[in-house]
Amino acid sequence: MLAVPMTSAGAGTTAAKDRSKDRPTVAGIDSSTQSCKVVVRDAGTGELLRVGRAKHPDGTEVDPAHWWRALEEAVADAGGLDDVDAIAVGAQQHGSVLLDEAGEVVRPALLWNDGRSAEAADALTAELGGPGAWAEQVGSVLVASLTITKLRWIAEHEPESVARTASVCLPHDWLTLKLSGGARLVTDRGDASGTGYWSPREGAYREDLLHKAFGATPNLPEVLAPAASAGPSASPLSRGALLGAGTGDNMAAALGVGAQVGDVVVSIGTSGVVSVVSEVPTHDPSGLVAGFADATGRYLPLICTLNAARVLDSAARMLGVDHAELSRLALSAPAGSGGLVLVPYLEGERTPVRPDATGALHGLTLATSTPAHVARATVEGLLCGLADGLDALVEQGCRIGRVVLVGGGARSEAVRVLAPAVLGRPVVVPEPGEYVADGAARQAAWVLAGGDAPPAWSLGRSQTFEADPTPGVRERYAEVRDLTATRP
């Protein structure tokens, strides 16, 4: 059942704070790269009671103390957590948090988007025997975003930090530790699967790989079962609420929209993400598919594209229109844009691997030299890139059902209308919400209720878009997608 926001509540809206009430409540935290969000929901129905937000600092290297201060602000904005019965944290994946014997942070965390460890990723890949060896061992080919590459960079450049490190954890692990008053360092299989030293297939850490990268074997968080509790909260923000294991942001988002086996979640944000809930693990030696685990005991194979919502931004800017007019123009042009194709590699690309590529516009003629054709080619090119990711999941043997479309790009009418035609499947668009925080809240409700599955919160409002497939659009795109210039 699709879990989406059902009611709206303003920031800071308060409720009676009595944990003895008949109506248990839960809190979900989203500690993302840019900000922290807190939602408080009814544990049984999922009704949204209140929400709070706070900003994170910019940068790819951040002192975790900033995350805690932002959480304090977001909790205050949400009216506090005194009445909440259970809490769980969803957070950005991959960040390297190093702790000393006293549990203090050793150095600022290197985040997923810090690219300094690219050479470390290449070196580690070669040391184990190539990309296929890493895919076989940990489900994913190494790239600079994975935690293990950041640990190698630290080992090579800051041996003094290695000497001080007693434990290594991830952003959501650290926040859960703080909420527990420092009592217990835990994680979940979903976030652990993005480290490069935990195997989804084996369900266990690969400490040999950790030692290979870091030159030491620090303590690692205990990997809890999906509905297990990390114990009671014991911090100034909350005392006595059950703590969930938490998870990574992509896993929490899948839980937040209620994705079932075979459901594909397509997120169009700063980057594009295509993931599917699967019963079986994947190990793609090409590196296109990251073989992650999910937050329910299953798996979450995932691909990521660098070019997503900002492609729409750039087209609107180039045409001198707002997003509503960009959509109107796109929908006024014919399918396939008369042969005009935008290859949207404006920032290079990760899927496929084209780090030095630039965008390209092919098929420009007198007839297609109109704002409407350019707008249509923009939306179709963006969707074709995501469809390539969907194909990569199919090639890994993943069962594909419906598509759930989320993210800022899903607000575009043209994206919603054209997505089912390009992707070749019906597309469900839930109403906008804080999906990561919602998923964390749903995990907290699961911890509170127990059982084999998270609570089935009500569907809420969503729209289903259907259209006849337009395979010719993708065929034309495939003809030209590799015809791009490199960056000067």
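The values are calculated or read from the model by the stated rules, or taken from the named source; none is laboratory data. Owing to the predicted nature of the structure, the values given are computational and were not obtained by experimental measurement. Using ideal geometry, Cβ is built from the backbone for each residue, glycine included, and neighbour counts are taken over all protein chains shown. Quick note on the areas: whole protein, heavy atoms, side chains included, nothing else; ligands and nucleic acids left out. Shrake-Rupley method; radii C 1.70, N 1.55, O 1.52, S 1.80 Å.
Contour minus end-to-end for Thr486 and Glu73, with contour as 0.36 nm per residue of separation and end-to-end as the Cα-Cα distance? Present the calculation step by step, with values, prior to reporting the outcome.
Values: separation 413, 0.36 × 413 = 148.68 nm, distance 4.40 nm.
Roughly 144.3 nm would be gained on extension.
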Cα-based helix-to-principal-axis angle, 309-319 vs the chain, degrees rounded to 10:
40
Probe 1.4 Å, all protein chains present, accessible-area order of Lys150, Lys212, Lys37, Lys55, largest first
Lys55, Lys212, Lys37, Lys150
Sulfur and carbon atoms: percent of accessible area, segment 174-275 [1.4 Å]:
50
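Counting only DSSP beta bridges with both residues in the chain, tell me the antiparallel percent, nearest 5.
70
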Cα-based Debye curve of segment 104-169 sampled at q = 0.12, 0.14, 0.22, 0.24 Å⁻¹ gives log₁₀ I(q)/I(0) of -0.31, -0.42, -0.93, -1.03
Segment 291-338, convex hull of Cα, quarter of hull surface, nm² -> 5.7
In Å, what is the Rg of the alpha-carbon atoms in the chain, and how long is Dmax?
22.2, 71
Averaged per residue, what accessible surface does the chain expose to a 1.4 Å probe, in Å²?
37
Total charge of the residues flanking Gly439 in space, meaning their Cβ is under 13 Å from its Cβ, with Lys and Arg +1 and Asp and Glu -1, is -4
Using 0.36 nm per residue of separation minus the Cα-Cα distance, give me the extension gain between Asp58 and Glu160 in nm, one decimal.
34.1 nm
What distance in nm separates the two pseudo spin-label positions at Ser458 and Ser369, each 7 Å out from Cα along the beta-carbon direction?
5.6
note: segment 332-486, Cα-Cα separations exceeding 22 Å make up a percent value of 51
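Only bridges with both residues in segment 340-467 count here: give the DSSP antiparallel percent, nearest 5. Show your work: numbers first, answer last.
Details: 8 of 11 bridges.
Around 75 percent antiparallel, to the nearest 5.
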As a test question: what accessible area, to the nearest 10 Å², does Trp457 have when a 1.4 Å probe is rolled over all protein chains in place?
10
So how far apart, in nm, are the two label points at Glu413 and Asp356 if each is 7 Å from Cα heading toward Cβ?
4.3
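Using R₀ = 30 Å, calculate the FRET efficiency as 1/(1 + (r/R₀)^6) where r is the Cβ-Cβ separation of Ala449 and Asp313; round to 0.05.
On the way: r = 42 Å, r/R0 = 1.39.
It comes out at approximately 0.10.
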Val321 to Glu431: extension gain in nm, 0.36 nm per residue of separation minus the Cα-Cα distance?
37.1 nm
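Treat every Asp and Glu Cβ in the chain as -1 and every Lys and Arg Cβ as +1, leave all other atoms uncharged, and give the resulting dipole magnitude about the Cα centre to the nearest 20 debye. Could the numbers behind the result be given before it?
Details: 40 positive and 57 negative charges, 166 e Å.
Charge dipole of the chain: 800 debye, to the nearest 20.
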Please compute the Cα-Cα pair-distance distribution of segment 25-245 with 10 Å bins starting at 0, giving whole percents from short to long.
9, 34, 35, 18, 5, 0
In degrees, nearest ten, helix 371-395 long axis to first principal axis of the chain (Cα):
50
Among Gly194, Ala213, Thr45, the residue whose Cα sits farthest towards the positive end of the charge dipole of segment 25-245 (+1 at Cβ of Lys and Arg, -1 at Cβ of Asp and Glu, taken about the Cα centre) is Thr45
Could you list which residues have their amide H under 5 Å from that of Gly95, counting only those 5 or more apart in sequence or on another chain, with H placed in the peptide plane?
Trp112
Taking a crude spin-label model, label points 7 Å out from Cα along the C-beta direction, the Asn219 to Val105 distance in nm is 1.9
Report, in deg cm²/dmol and to the nearest 500, the calculated mean residue ellipticity at 222 nm for the chain, where each DSSP H run with n ≥ 4 adds -39500 (n - 2.57) and the sum is divided by the residue count.
-10000 deg cm²/dmol
